[in-house]
Amino acid sequence: MRIFTLASPFLAVCLGTTSFAQEPQTIVPVDASIRQTFNLTVNDQRVLKALIEIRDREPATVREQIRLTEIPAPPFKEQQRAAYYLERLLALGMSNAYIDQEGNVITLREGSGNGPTFLVAAHLDTVFPEGIDTTVELRGGRYYAPGIGDDTRGLAAMLSLIETLNESGIETVADIIFAANVGEEGRGDLRGIKAIFRDYPEIDGFVSIDGVQLRRITTGGTGSRRFEFRFKGPGGHSFGAFGLPSAIHAMGRAISKIAEFETPQYPKTTFTVGTVDGGTSVNSIAADAVFALDMRSNDREQLAKLEEQAKAAAREAVAEENARWNNDEISVEFKLIGDRPVGLTPTDSPLVQVTALAFNKIGIEMQELGISSTDSNVPMSLGIPAVTIAGGGNGGGAHSPDEWFAPENSHVGPQTALLIALGMAGIEGVSPPLLEERSP
């Protein structure tokens, strides 16, 4: 669906694009009171000036994005990039910035007091292992490097947002926490954002800036449960000990059963055995075997049902392998290696409405409300309003060595984040925060 919005001439100048007649977006219904309060915020002259400053700062923001990309941040080894990010925050005047015990870089921009607390975050880590070359190359107008978009774009956009706010003289009503967090990718299991919500229970709302191509609002969190299924047995020589049950044979039986599962298309529920390992040699009866299983769903109950079904299949496979050889020495245990909770922010949430209004004001074509697995899963699962947006620009090849980024109207990312943050936090003497404080 193509959704257009009416952008004022001033905002067209801010964007550096041509204004044209557009239809109001219809994906997210907006309450009149929220629209009125949001308009008070975005029509403040300091906000309009800040939008221009973000646009003018974008070449420097892209250069910062390149610098960040070339600082490796493999899973569980984000320390070097975190140290640099801390330096940048301190240089921008965020004197209270620090690195917490989990490795997150955190800073607080205090509001006028007695208001809610809003969190803005982008993740430090990439999916790429240690040793991969992250040197950025410019080819045909595109910047190529592993991790150039996911999520160094979000990190750079957040720095632009912080710098603009600090230079604007705007005092918000709400406190705004900014976090460059660890552990969003893979086996990081959202550990960074989980730690933040554990340590800051006062957070009332959240926006994650992740990736490029700003075209949708992520309002749902796909949950996942990841396990290693570990099979153990006596092991022995393939000829001399023939007749003993095999851990690998038991594993194979389990995988065969799981492969036949049928899951619903809606709510979308999926599974895959991603890796297998085990055994000692080709002429040995395997004493151990392990496979890693990824299970995902947009529904909490379906995910739990799938997990129990998979575990039951593994136990049946063990029983069959033991029965085959009239032996009971094969066993299986389940090691949890990933737990991303299912979550949802309702469409009528003030946060979703403000995000839609921000898209409108900047002139972004909002294509859909999406469901994905992001840092927003954690607050969503806690009942805290949360959305994920992209950082702007064009790009592709995420999670591949050929990942690329092109700064095509990329400034609209931090511009949108600015309007969301100010709409939710409110401006002292101008507009109240649209973010509601949660009951203690």
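A short reminder: the numbers here are calculations on the coordinates, not readings from a lab. Bear in mind the structure is a predicted one, so any value in this text is a computation, not a measurement. Note: ideal-geometry Cβ built from the backbone for every residue, glycine included; neighbour counts use all protein chains shown.
Say each of L108 and T270 gets a label point 7 Å from the Cα, pointing the same way as Cα to Cβ; how far apart are those two points in nm?
It is 4.0 nm.
Report the calculated FRET efficiency for I27 and E320 (r = Cβ-Cβ distance, R0 = 41 Å), to the nearest 0.05.
Details: r = 50 Å, r/R0 = 1.23.
Once rounded, the FRET efficiency stands at 0.20.
Which one of P385, P75, P234 has the biggest mean-square fluctuation once the chain is modelled by GNM with Cα springs under 10 Å?
P234
Under the 0.36 nm per residue contour assumption, what length would be gained going from the current alpha-carbon distance of Q101 and T135 to full extension? Provide the component values of the computation, followed by the final result.
Values: separation 34, 0.36 × 34 = 12.24 nm, distance 2.91 nm.
Taking 0.36 nm per residue and subtracting the Cα distance, the gain is 9.3 nm.
Quick one: dipole size for segment 116-166, taken about the Cα centre, charges +1 on Lys/Arg Cβ and -1 on Asp/Glu Cβ, in debye to the nearest 20.
Numbers: 3 positive and 7 negative charges, 48 e Å.
That gives a dipole near 240 debye.
So how strong a dipole does the chain carry about its Cα centre when Lys and Arg Cβ are +1 and Asp and Glu Cβ are -1, to the nearest 20 debye?
Details: 38 positive and 57 negative charges, 103 e Å.
So the dipole magnitude of the chain works out to roughly 500 debye.
Report the one residue of A250, S284, P264 whose Cα lies farthest in the direction of the positive end of the charge dipole of segment 223-340 (charges on C-beta: Lys and Arg +1, Asp and Glu -1; origin at the Cα centre).
Checked the options; the winner is P264.
For the Cα atoms of the chain, what angle does the longest principal axis make with the long axis of helix 32-42, in degrees from 0 to 90, nearest 10?
For 32-42 against the chain, the angle is about 70 degrees.
Quick one: compute the contact order of segment 223-340, relative version, from alpha carbon pairs under 8 angstrom and 6+ residues apart, as a percent.
Values: 256 pairs, mean separation 52.5, N = 118.
Result for segment 223-340 is 44 percent.
Top mean-square fluctuation among I337, I364, I420, Gaussian network model of the chain, C-alpha springs under 10 Å?
I337
State whether segment 223-340 is rounded, prolate or oblate according to the following rule on the C-alpha gyration tensor (a ≥ b ≥ c being the square roots of its eigenvalues): a/c under 1.5 gives rounded; otherwise a/b larger than b/c gives prolate, and the remaining case gives oblate.
Numbers: a/c = 2.87, a/b = 2.28, b/c = 1.26.
Prolate is the answer for segment 223-340, as a/c is 1.5 or above and a/b outweighs b/c.
Under a Cβ-only charge scheme (Lys and Arg +1, Asp and Glu -1), can you give me the dipole magnitude of segment 223-340 about the Cα centre, in debye to the nearest 20? Mind showing how you got there, number by number?
Numbers: 15 positive and 17 negative charges, 53 e Å.
Taking the Cα centre of segment 223-340 as origin, the dipole is about 260 debye.
Looking at the square roots a ≥ b ≥ c of the eigenvalues of the Cα gyration tensor of segment 142-204, which shape do they give, rounded for a/c under 1.5, prolate if a/b is larger than b/c, or oblate? Don't skip to the end; give the middle numbers.
Working: a/c = 4.60, a/b = 1.14, b/c = 4.03.
It is oblate, given that a/c is not under 1.5 and a/b is not larger than b/c.
Taking +1 at the Cβ of each Lys and Arg and -1 at the Cβ of each Asp and Glu, which of T41, Y84, A121 sits farthest along the dipole of segment 37-188 towards its positive end, judged by Cα position relative to the Cα centre?
Toward the positive end, the furthest listed residue is T41.
Choose one of M158, F239, T134: the residue whose Cα lies farthest towards the positive end of the charge dipole of the chain (beta-carbon charges +1 Lys, Arg; -1 Asp, Glu; about the Cα centre).
Going by the Cα projections, it comes out as F239.
Give the shape of segment 91-200 as rounded, prolate or oblate, defined through the alpha-carbon gyration tensor: a ≥ b ≥ c are the square roots of its eigenvalues, a/c under 1.5 means rounded, and otherwise the shape is prolate if a/b is larger than b/c and oblate if not. Don't skip to the answer; put the middle values down first.
On the way: a/c = 2.76, a/b = 1.47, b/c = 1.88.
Cα axes put segment 91-200 in the oblate bin.
Defining a contact as two alpha carbons under 8 Å apart and six or more residues distant in sequence, what relative contact order in percent does the chain show? Present the calculation step by step, with values, prior to reporting the outcome.
Details: 1062 pairs, mean separation 107.5, N = 440.
Across the chain, relative contact order equals 24 percent.
Using alpha carbon centroids, what distance separates segment 191-268 and segment 146-183, in Å?
Distance between centres, Cα-based: 31 Å.
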